[in-house]
1. Take the chain, compute every pairwise Cα distance, and split them into 10 Å bins from 0; I just need the percent in each bin.
2. Compute the helix-to-body angle for 23-32: its Cα long axis versus the longest principal axis of the chain, expressed 0 to 90° and rounded to tens.
3. Rounded to the nearest 20 debye, what is the charge dipole size of the chain about its Cα centre when +1 sits on each Lys and Arg Cβ and -1 on each Asp and Glu Cβ?
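Readers should treat all values here as calculations from the given coordinates under stated rules, not as data from a laboratory. Here the structure is a predicted model, which means the values were calculated and not measured. Here the Cβ is made from the backbone with ideal geometry for all residues, glycine too, and neighbour counts use every protein chain on show.
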Amino acid sequence: MDCSGFLFTDHALKAMISRFIRANEVEEVVNSGEIIKYYTSDKPYPSNLLLKFVNDRPLHVVVAQNPETKGCIIITCYEPDPHMWSADYKEKREKL
């Protein structure tokens, strides 16, 4: 995504602290990660789930973009659980 800047929600900041994810890692995912899911009905802006391996660690970032300012809003981030996601971390597994 092409972002004019980054705004981290309180939720995202708490997630980063508790999950030991640095801001520069989140920005790397947003700047060059792969969009694996679209959340078109999210408000106030649609959001995307992105995936990128950063230092061999898979990271998911949910981000929305203000269409007027091009600023990116980081909603949350986490290391996907391999038990809940496919081997490539792109698809959520069906619940048993």
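1. The calculated distribution, bin by bin, is 16, 51, 29, 4, 0.
2. The two axes meet at around 90 degrees.
3. Values: 12 positive and 14 negative charges, 50 e Å.
Value, rounded to 20: 240 debye.
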